[in-house]
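S.K.: Structure incoming, see below.
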Amino acid sequence: MFLLQFNINKMKNTTELKGNWNEQKGKLKQRFAVLTDNDLMFEEGRQDEMFGKLQKKLGKTKEELHKIIAAL
(Lines give C-alpha, C1' and ligand atoms only; values in the text may rest on other atoms or scores of the structure.)
Protein backbone atom coordinates (compact mmCIF):
# COMPACT_ATOMS: atom_id res chain seq x y z
CA MET A 1 0.00 0.00 0.00
CA PHE A 2 2.62 2.48 0.88
CA LEU A 3 6.14 2.42 -0.45
CA LEU A 4 8.20 5.52 0.27
CA GLN A 5 5.04 7.59 0.10
CA PHE A 6 2.69 4.90 1.40
CA ASN A 7 -0.53 5.88 -0.34
CA ILE A 8 -2.97 3.29 -1.68
CA ASN A 9 -4.62 5.75 -4.03
CA LYS A 10 -1.36 6.40 -5.87
CA MET A 11 -0.28 2.79 -6.31
CA LYS A 12 -0.28 1.59 -9.90
CA ASN A 13 -1.67 -1.89 -9.40
CA THR A 14 -2.81 -4.28 -6.73
CA THR A 15 -0.07 -6.82 -7.47
CA GLU A 16 2.59 -4.22 -6.70
CA LEU A 17 0.73 -3.27 -3.54
CA LYS A 18 0.38 -6.84 -2.32
CA GLY A 19 4.09 -7.57 -2.76
CA ASN A 20 5.15 -4.46 -0.89
CA TRP A 21 2.45 -4.92 1.70
CA ASN A 22 3.86 -8.33 2.61
CA GLU A 23 7.17 -6.68 3.46
CA GLN A 24 5.52 -3.84 5.38
CA LYS A 25 3.26 -6.29 7.22
CA GLY A 26 6.23 -8.12 8.70
CA LYS A 27 7.78 -4.87 9.88
CA LEU A 28 4.51 -3.74 11.44
CA LYS A 29 4.16 -7.03 13.32
CA GLN A 30 7.68 -6.58 14.70
CA ARG A 31 6.94 -3.04 15.83
CA PHE A 32 3.44 -3.71 17.17
CA ALA A 33 3.27 -7.15 18.76
CA VAL A 34 -0.51 -6.87 19.22
CA LEU A 35 -1.09 -7.07 15.46
CA THR A 36 -2.04 -10.39 13.91
CA ASP A 37 -2.07 -11.67 10.34
CA ASN A 38 -5.84 -11.14 10.32
CA ASP A 39 -5.40 -7.49 11.31
CA LEU A 40 -3.02 -6.99 8.41
CA MET A 41 -4.88 -9.00 5.77
CA PHE A 42 -4.99 -7.00 2.54
CA GLU A 43 -8.07 -7.47 0.38
CA GLU A 44 -8.48 -5.58 -2.85
CA GLY A 45 -11.12 -2.89 -2.47
CA ARG A 46 -11.17 -3.17 1.34
CA GLN A 47 -8.10 -1.15 2.24
CA ASP A 48 -10.09 1.46 4.15
CA GLU A 49 -11.68 -1.22 6.30
CA MET A 50 -8.29 -2.72 7.11
CA PHE A 51 -6.85 0.67 8.02
CA GLY A 52 -9.87 1.44 10.18
CA LYS A 53 -9.22 -1.76 12.14
CA LEU A 54 -5.54 -0.89 12.50
CA GLN A 55 -6.36 2.64 13.66
CA LYS A 56 -8.72 1.30 16.30
CA LYS A 57 -6.38 -1.43 17.52
CA LEU A 58 -3.32 0.83 17.69
CA GLY A 59 -5.10 4.00 18.80
CA LYS A 60 -3.61 5.99 15.93
CA THR A 61 -5.09 8.44 13.45
CA LYS A 62 -5.06 7.68 9.75
CA GLU A 63 -2.26 10.21 9.25
CA GLU A 64 -0.20 8.75 12.10
CA LEU A 65 -0.61 5.26 10.67
CA HIS A 66 0.50 6.39 7.21
CA LYS A 67 3.58 8.07 8.71
CA ILE A 68 4.46 4.92 10.69
CA ILE A 69 4.21 2.74 7.60
CA ALA A 70 6.13 5.21 5.44
CA ALA A 71 8.96 5.17 7.98
CA LEU A 72 9.34 1.36 7.94
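The values are calculated or read from the model by the stated rules, or taken from the named source; none is laboratory data. For clarity, every value in this text was computed on a predicted model and none was experimentally measured. Note: ideal-geometry Cβ built from the backbone for every residue, glycine included; neighbour counts use all protein chains shown. Please note that ligands, DNA and RNA were not included when accessible areas were found on the heavy atoms of the full protein model with its side chains. Shrake-Rupley method; radii C 1.70, N 1.55, O 1.52, S 1.80 Å.
S.K.: Filter region 56-67 down to the residues that are under 14 Å from ASP39 (Cβ atoms) and part of a helix (DSSP H, G or I), then identify the one that is most open to solvent (accessible area, probe 1.4 Å).
M.R.: Quick first cut of region 56-67, residues under 14 Å from ASP39 (Cβ atoms) only: 56-60, 65.
Applying the additional criterion that residues be part of a helix (DSSP H, G or I) yields 56-58, 65.
Working: LYS56: 176, LYS57: 92, LEU58: 31, LEU65: 2 Å².
Restricting to residues being under 14 Å from ASP39 (Cβ atoms) and part of a helix (DSSP H, G or I), the top hit is LYS56.
S.K.: In region 42-58, which residue that is under 9 Å from the mean Cα position of the chain (by Cα) and free of Cβ contacts under 8 Å to residues at least 40 places away in the same chain is farthest from ILE68 (Cα to Cα)? Let's see the steps before the verdict.
M.R.: Narrowing region 42-58 to residues under 9 Å from the mean Cα position of the chain (by Cα): 42, 47, 50-51, 54.
From the residues that got through so far, the ones that are free of Cβ contacts under 8 Å to residues at least 40 places away in the same chain too are 50-51, 54.
On the way: MET50: 15, PHE51: 12, LEU54: 12 Å.
Ranking the qualifying residues of region 42-58, first place goes to MET50.
S.K.: Could I ask something else about it? Taking region 29-66, which residues are modelled with pLDDT of 85 or more and among the basic types (Lys, Arg)?
M.R.: Hits for region 29-66 are LYS29, ARG31, LYS53, LYS56, LYS57, LYS60, LYS62.
S.K.: So, one more: Could you please let me know if ILE8 is surrounded by 10 or more Cβ atoms within 10 Å (Cβ to Cβ), aliphatic (A, V, I, L, M) and modelled with pLDDT under 80?
M.R.: Working: surrounded by 10 or more Cβ atoms within 10 Å (Cβ to Cβ): yes; aliphatic (A, V, I, L, M): yes; modelled with pLDDT under 80: yes.
Yes: the conditions hold for ILE8.
S.K.: I need the full set of residues from region 33-55 which are in a helix (DSSP H, G or I) and either at positive phi or of a type in the set (Gly, Ala, Ser) (or both), in order please.
M.R.: If the condition is that a residue be in a helix (DSSP H, G or I) and either at positive phi or of a type in the set (Gly, Ala, Ser) (or both), then GLY52 is the only one that fits.
S.K.: Test GLY26 against the stated conditions and say whether it is among the small types (Gly, Ala, Ser) and modelled with pLDDT of 75 or more. Break it down into steps so the answer makes sense when it comes.
M.R.: Numbers: among the small types (Gly, Ala, Ser): yes; modelled with pLDDT of 75 or more: yes.
When the stated conditions are applied, GLY26 passes them.
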